[in-house]
Amino acid sequence: MNGDGERRRGECKQCGLPVGRRGRAFCCGGCQLAHSLLAGKVASDRPASDQLLARVVVSAFLAMGVMACSLSLYGMEGAVSQESGQALRGLLRLGALALSLPVVLLLGLPLGRVVTGIDRGLTVDGLVFLGVSAAWAASLWNTIFEGPAVYFETATMVLVLYSTGRWLDVRAREVARDRLGSLALERREPALLLDERGESTVELERIRVGDRIRIRPGASIPMDGTVLSGSAFVDTSNLTGEQEPRSVGPGHQVHAGTLNLDGSLDVQVSAALGERVVDEVERILGNLSAGQSRWVRLADRLSAAFLPLVLLLALGTGLYHGSRTGLEAGCLHALAVLLIACPCSLGLATPLAFWIALGEGWKRGLLIHGGEVLERIHRVQRLYLDKTGTLTTGAMKLTSVTPAPCLSRLDCLRLAASLEAHSEHPIGRALVNAWKREGERDLFDVEDFRALPGRGVQGRIEGRSYRIGRGTKEDHSGRSDDETRIELMRGEELLGTFGLVAELRPEAREVVARLRDLGLSPTILTGDAAGPSRALADRVGAPVEHGLFPADKVRSLRRSEQRVAFLGDGLNDAPALEAADVGISMPDSSFASLESASVNLMRDDLKLVPSLFELSRKAIGVARGNLLWACVYNAVGLAWAVSGRLTPVLAATAMVLSSLCVLLNSGRLRSVLPPTPAEPHEAPATTLGPWKPEPA
């Protein structure tokens, strides 16, 4: 955020997090107070919470001096009638006045600006300000006209403790905002454009798809693209959470927001500015706090309903005790009610738990699209998983080619590879790679190419129509191996059959077992035939529904009477990802599933899936615990304050301790997810050895 004009609707003007209720400019009183210290400026070289903390620290030292003077006054009760004692009492009162005045200027005036100039209407902040002002004004009057008592220590300590609570509040929100939205995925540095004139430095806005750029060692990669020449290690941790550098060379995809550690790369740009992976990730990160869960909405409604009750209790307490012990004492008891009921912990109880969970998930490679998604994950009872690219590595290997009598093996493979050359499906890549290994001839030119989701591809070669994909009839061969069978057709004529195998992820069985332990009933949905599906079910230990097209997967999801999640690779699974209550996408070469899914795994690690559900359950549990604690604290504290057993200083202290309890309890979420790889990796040497391509 660069200013109020760029603030999205429903966001706090200070921290950018949701405000909860319409018409409000700030999510909490702490943000109001911090914002007032910056005189309406959101951007500052020094964080607003740091400025507030500096004022609180200085005021705390002064308040201790005021307290020392007050304690001396309390010890002089027997010397009131003596002339020397009266003079000393006057000096101590003047000392307390002098020390309290800077506290009022440092903390009281900003609080007054909050009450009168930013959010209009009757609030707890306003009533606390009135109570403190009344206590200090009465003390000033009694000091000048030698009245019976002064309350400088109450006014100053309440200001210090109340501002401390507000600092805890705004600091927690600033940290949550920083974890969610200011991750500096990329640096907007100019790019090195390569053209017929050589190398030139240009702004990113001038880069177009198809342009060639050069990334030097140590430079941030500015655009998505394909490596044309050169080799290097690339640090992708800022985008994917993966700590180990990735080796890239000709033919590999690189993404903006990652860092070239060493080596020089010439890259052909594949996405314009605004259409890169990092742009979509930043849009999602910027909207993480937009969807609020029902627990956050409940806390907001409780805070709204709590204020009128607190005002009535404070008024009744002041009138009751004022009629018995005097007006000044009644005002102090009413101030204690307002302080103990300050909704700091209530307003922070549930949002903080979700913000920390979202931030911790992102740090480890889980891009969760908001707190409302976390709550939906918590309600999921059944998880459906895609096979290819999800439970398998995404790479397939061609094991057999059975051509028709009219074709040779090479001609059959050439036709299939020509059709699949424009496909991103693992089967298509396997066929193209197999043809490249043959090293024979160029591929055919394909016209009218068309992808058939879940069924294959089709196109025209030399004027004739071809299709490759699953057979039109179910495979009843009863094979028990993992081989997937596809057919090459020319019209209705079968030209060849191909057998491929997919490599199962080594952690797949363990992950399925963990999901079952979490009570999620994992089920695999695949387009494979019966034989490979039965083999997969035996190896993974989960039921399999086979022979499904994308529309069939959607119908399977909708048939379930339970809350369902779907885990897919984002290639052919976009309809299922959108149809599920929670869509979870595996990372792929284009990150095409960022928009269709509710959760994106930015790191190719299947073990993150059970961790996602554990994080969601823990976040909901912490949010509930925080909300329960805030309600119990307010109820018990109010009872004590109404009975007259709490002084304003003790009430303000209890308010700070309550916020600390919420912060510490929410911090436990950081231990839910497994830590990022702890073994530090050494930076690759400046000079790379022979580049070895990664497995296809």
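The values are calculated or read from the model by the stated rules, or taken from the named source; none is laboratory data. Just so it is clear, the structure is predicted and the values come from calculations on it, not from any experiment. Cβ atoms come from the backbone with ideal geometry, glycine included; neighbour counts cover every protein chain shown.
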(request) Being in a helix (DSSP H, G or I) and more than 30 Å from Arg603 (Cα to Cα) narrows it down to one of Ser418, Ser400, so name that one. (result) Ser418
(message) Among the residues of region 538-550, are any in a helix (DSSP H, G or I) and of a type in the set (D, E, K, R)?
(response) yes
(message) Quick check on region 413-432. Is at least one of its residues at pLDDT below 80, basic (Lys, Arg), outside the structural domain of Asn665 (by TED's automatic domain parsing) and out of contact with any Pro (no Cβ under 6 Å at 6 or more places or on another chain)?
(response) no
(message) I'm trying to understand the selection: among the residues of region 409-439, which are β-branched (Val, Ile, Thr) and in contact with a helix residue (DSSP H, G or I) (Cβ under 6 Å, 6 or more places away or on another chain)?
(response) Val432
(message) Quick test for you: out of Ala172, Ala155, pick the one residue that is surrounded by 22 or more Cβ atoms within 10 Å (Cβ to Cβ), at pLDDT below 70 and within 30 Å of Leu309 (Cα to Cα).
(response) Ala172
(request) Among the candidates Arg467, Arg479, Arg460, single out the residue that is closer than 21 Å to Met396 by Cα and modelled with pLDDT of 90 or more. (result) Arg467
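Conditions (1) over 19 Å from the mean Cα position of the chain (by Cα); (2) of a type in the set (D, E, K, R); (3) at pLDDT 85 or above; (4) in the same structural domain as Val540 (by TED's automatic domain parsing), marked per residue:
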{"residue": "Arg558", "(1), (2), (3), (4)": "yes, yes, yes, yes"}
{"residue": "Pro575", "(1), (2), (3), (4)": "yes, no, no, yes"}
{"residue": "Ile584", "(1), (2), (3), (4)": "no, no, yes, yes"}
{"residue": "Ser590", "(1), (2), (3), (4)": "yes, no, no, yes"}
{"residue": "Ser593", "(1), (2), (3), (4)": "no, no, no, yes"}
{"residue": "Ser596", "(1), (2), (3), (4)": "no, no, no, yes"}
{"residue": "Asp604", "(1), (2), (3), (4)": "no, yes, no, yes"}
{"residue": "Arg617", "(1), (2), (3), (4)": "no, yes, yes, no"}
{"residue": "Ala623", "(1), (2), (3), (4)": "no, no, no, no"}
(message) Name the residue that is nearest to the chain's Cα centre (by Cα), counting only residues in region 399-424 that are surrounded by fewer than 20 Cβ atoms within 10 Å (Cβ to Cβ) and aliphatic (A, V, I, L, M).
(response) Ala421
(message) I'd like the full set of residues that are modelled with pLDDT under 85 and either over 24 Å from Thr484 (Cα atoms) or part of a strand (DSSP E or B) (or both), limited to region 435-456.
(response) Gly439, Glu440, Arg441, Asp442, Ala451, Leu452, Gly456
(request) Examine region 520-543 for a residue that is farther than 29 Å from Glu483 by Cβ and surrounded by fewer than 17 Cβ atoms within 10 Å (Cβ to Cβ), and state whether such a residue exists. (result) no
(request) Considering only residues that are surrounded by fewer than 18 Cβ atoms within 10 Å (Cβ to Cβ) and modelled with pLDDT of 70 or more, look in region 114-139 and name the one that is farthest from Leu94 (Cα to Cα). (result) Thr116
(message) With farther than 22 Å from Ala597 by Cα and at pLDDT 90 or above as the only criterion, which of Gly541, Gly531, Gly547, Gly496 stands out?
(response) Gly496
(request) Residue by residue through region 374-388, note down the ones that are assigned to a helix (DSSP H, G or I) and within 11 Å of Ala565 (Cα to Cα). (result) Arg376, Ile377, His378, Arg379
(request) Please work out which residue is farthest from Gly469 (Cα to Cα), limiting yourself to region 509-532 and to residues that are small (Gly, Ala, Ser) and in contact (Cβ under 8 Å) with a residue 40 or more places away in the chain. (result) Gly519
(request) Please give the number of the condition Arg214 fails out of (1) modelled with pLDDT under 85; (2) in a strand (DSSP E or B); (3) basic (Lys, Arg). (result) (1)
(message) If Arg668 meets every condition in (1) modelled with pLDDT under 60; (2) among the charged types (D, E, K, R); (3) in a helix (DSSP H, G or I) apart from one, which number is that one?
(response) (1)
(request) Please indicate, with yes or no, whether at least one residue in region 73-87 is at pLDDT 75 or above, part of a helix (DSSP H, G or I) and more than 24 Å from Leu315 (Cα to Cα). (result) yes
